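Asker: Sending over a structure as structure tokens; questions will come in a sec.
The values are calculated or read from the model by the stated rules, or taken from the named source; none is laboratory data. This is a predicted model, so every value here is computed, not measured. So basically every Cβ, Gly included, is an ideal-geometry build from the backbone, and we count neighbours across all protein chains shown. The area values use the complete protein model at the heavy-atom level, side chains included, leaving out ligands, DNA and RNA. Shrake-Rupley method; radii C 1.70, N 1.55, O 1.52, S 1.80 Å.
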Amino acid sequence: MTDDVVVWHQLAALLPEAEAQEIKDCWDIGEQEAGLGLLVSGLLAHQVPISETVRAQISVLAEVWGERQSLTPRILQCRGDDAPAQLKLIEHADNIVNSSAVGGDPDVVNVLVPWIACTRCGHVLTRAHTREPWGDLSYLAGNYVITSPEGDAVQRFFPADSAGTAFAALLAECAEPTNDR
């Protein structure tokens, strides 16, 4: 996801031309949040089948633009293409892990929330959140990590503004090529 505008245009192209142009226009005028909402609404309205990789790409863009939490339920409702997939969007906190080692600050306890899994190699891209004094997780991820298949070891660490870079690294971790884009 090094060139977000290219990905944006590829995602917009999944929709009929007039709607695709609206989404491209949102990018051009700096209204990415609105464009993501239009994209997901269009995918749902037209029942466009999408791959799990596309679903993950949309989730990553939503994370980058601060819309992941609000768009996730609708992203998960988008029709899948039923093809075997390299990625799986994980949006439940059944297996969150407390880890004070993430980020290197022993005074901050981070909670690793699994986000996107590679079904081939087992690595998982997770969001690291701090636990707020009132018990909830921080709204925004403090950083991103790729964990081992067992989830017990951090393989790679990425700063808070690197969701796209972390996603690209997850894709690169698996030696097998993917063709579900």
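Asker: Scan the stretch 130-150 residue by residue and report those that are more than 15 Å from the chain's Cα centre (by Cα) and not hydroxyl-bearing (Ser, Thr, Tyr).
Answerer: Matches in the stretch 130-150: Arg131, Glu132, Pro133, Trp134, Gly135, Asp136, Leu137, Pro149, Glu150.
Asker: Go through the stretch 45-62 and report how many residues are surrounded by fewer than 15 Cβ atoms within 10 Å (Cβ to Cβ) and modelled with pLDDT under 95. Reasoning before the result, please.
Answerer: Residues of the stretch 45-62 surrounded by fewer than 15 Cβ atoms within 10 Å (Cβ to Cβ): 45-47, 49.
When the remaining residues are screened for being modelled with pLDDT under 95, the result is none.
Selection size over the stretch 45-62: 0.
Asker: Here is a follow-up. Would you call Arg68 modelled with pLDDT of 95 or more, basic (Lys, Arg) and buried (at least 20 other Cβ atoms within 10 Å of the Cβ)?
Answerer: Working: modelled with pLDDT of 95 or more: no; basic (Lys, Arg): yes; buried (at least 20 other Cβ atoms within 10 Å of the Cβ): yes.
The answer is no for Arg68.
Asker: Next question. Enumerate the pairs (first residue in the stretch 70-82 and more than 16 Å from Trp115 (Cβ to Cβ); second residue anywhere and polar (S, T, N, Q) and surrounded by 16 or more Cβ atoms within 10 Å (Cβ to Cβ)) with beta-carbon separation below 7 Å, excluding pairs fewer than 6 apart on the same chain, so at least 6 apart or on different chains.
Answerer: Asp81/Ser51
Asker: In addition: Please enumerate the residues belonging to the stretch 30-42 that are closer than 15 Å to His9 by Cβ and either touching a Cys at 6+ places or on another chain (Cβ under 9 Å) or among the hydrophobic types (A, V, I, L, M, F, W, C) (or both).
Answerer: Correct list: Gln32, Gly35, Leu36, Leu38, Leu39.
Asker: Restricting attention to the stretch 114-128, which residues are open to solvent by 10 Å² or more (accessible area, probe 1.4 Å) and on the phi < 0 side of the Ramachandran plot? Give the derivation first.
Answerer: Within the stretch 114-128, the first condition is being open to solvent by 10 Å² or more (accessible area, probe 1.4 Å), and the residues that meet it are 114, 117, 119-124, 127.
Answer for the stretch 114-128, where residues must be open to solvent by 10 Å² or more (accessible area, probe 1.4 Å) and on the phi < 0 side of the Ramachandran plot: Pro114, Ala117, Thr119, Arg120, Cys121, His123, Val124, Arg127.
Asker: Which numbered condition trips up Gly42, out of (1) touching a residue at least 60 places away in the same chain (Cβ under 8 Å); (2) over 26 Å from Tyr139 (Cα atoms); (3) crowded, with 18+ Cβ neighbours inside 10 Å?
Answerer: All conditions are met except number (1).
Asker: Condition first: touching a strand residue (DSSP E or B) at 6+ places or on another chain (Cβ under 6 Å) and not aliphatic (A, V, I, L, M). Now tell me which residues in the stretch 48-80 satisfy that. Explain how you work it out, then say what you get.
Answerer: Step one: list which residues in the stretch 48-80 are touching a strand residue (DSSP E or B) at 6+ places or on another chain (Cβ under 6 Å), which gives 52-53, 55-56, 59, 78.
If the condition is that a residue be touching a strand residue (DSSP E or B) at 6+ places or on another chain (Cβ under 6 Å) and not aliphatic (A, V, I, L, M), then Glu52, Thr53, Arg55, Ser59, Cys78 are the ones that fit.
Asker: Taking the stretch 132-149 as the search range and keeping residues that are over 21 Å from Glu52 (Cα atoms) and touching a residue at least 24 places away in the same chain (Cβ under 8 Å), which one is surrounded by the most Cβ atoms within 10 Å (Cβ to Cβ)?
Answerer: Looking only at the stretch 132-149, we keep the residues that are over 21 Å from Glu52 (Cα atoms), and these are 132-143.
Next cut, touching a residue at least 24 places away in the same chain (Cβ under 8 Å) only: 137, 139-143.
Working: Leu137: 18, Tyr139: 9, Leu140: 13, Ala141: 25, Gly142: 18, Asn143: 20.
Out of the qualifying residues, it is Ala141.
Asker: Counting just the residues of the stretch 1-39 that are acidic (Asp, Glu) and over 17 Å from the mean Cα position of the chain (by Cα), which one comes out most open to solvent (accessible area, probe 1.4 Å)? Spell out how you get there, then give the answer.
Answerer: Filtering the stretch 1-39 for residues acidic (Asp, Glu) gives 3-4, 17, 19, 22, 25, 28, 31, 33.
Checking which are over 17 Å from the mean Cα position of the chain (by Cα) leaves us with 17, 19, 22, 25, 28, 31.
Numbers: Glu17: 158, Glu19: 56, Glu22: 99, Asp25: 67, Asp28: 110, Glu31: 84 Å².
Checked the stretch 1-39; the qualifying residue most open to solvent (accessible area, probe 1.4 Å) is Glu17.
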